[in-house]
Amino acid sequence: MPRAIALAVALAVALAPALVAADAAVPDGKAAAEGKGAIPRELEVHIHFRAGTAEVVDGDRLLIEAVARAMARVPSLRVRVDGHTAARGAHEWNLRLGRQRAERVRAQLVAAGVDPARLDVESFGETRPLADNRTAEGRAFNSRVQFTVVGGGAR
């Protein structure tokens with residue numbers, strides 16, 4: 001569980017400007033440059049999966065719940081759930097698996113109370129790795145869902 005706690009803290013830090021600032025704004029570059037409590041466009045929070053599946057790694061279920069709670073505090077926030085995979089298998093398979101992962105996380109967020117209209121889904125398959133796909137650790141890290149703010153943010 002320590003990893004899940006660390007990730008929940010990362011989520012809180014990533015969303016802190018939006019949750020604290022009364023005038024949180026859509027991250028359009030201008031608001032962020034002026035330091036008006038803009039929500040970061042890409043949240044540095046990743047949900048990880050077992051290799052080749054859309055099964056969320058155990059501790060990351062708590063992180064999905066933390067995302068749902070954070071979204072409840074900023075009701076106008078819209079988020080894209082981005083599915084990613086390691087570079088194993090055919091591109092079409094990776095796109096399909098990335099979508100399955102993003103849809104799984106979206107479904108869990110909806111089950112936790114997030115309005116489905118606030119959640120978009122996109123799959124990038126293996127095209128946006130964050131780690132080296134030549135190692136097992138890198139592939140595990142690349143098998144993820146991350147969140148991108150696509151709108152809203154004002155409370």
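The values are calculated or read from the model by the stated rules, or taken from the named source; none is laboratory data. Just so it is clear, the structure is predicted and the values come from calculations on it, not from any experiment. Cβ sites come from the backbone with ideal geometry, for glycine too, and all protein chains shown count toward neighbours.
In region 113-132, what residues are under 18 Å from GLY89 (Cβ atoms) and crowded, with 16+ Cβ neighbours inside 10 Å?
Matches in region 113-132: SER123, PHE124, GLY125, GLU126, PRO129.
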Mind checking which pairs have a first residue in region 77-97 that is closer than 15 Å to ILE64 by Cα and at pLDDT 95 or above and a second that is crowded, with 21+ Cβ neighbours inside 10 Å and among the basic types (Lys, Arg), Cβ under 6 Å, 6 or more apart or different chains?
-> VAL81/ARG106; GLY83/ARG101
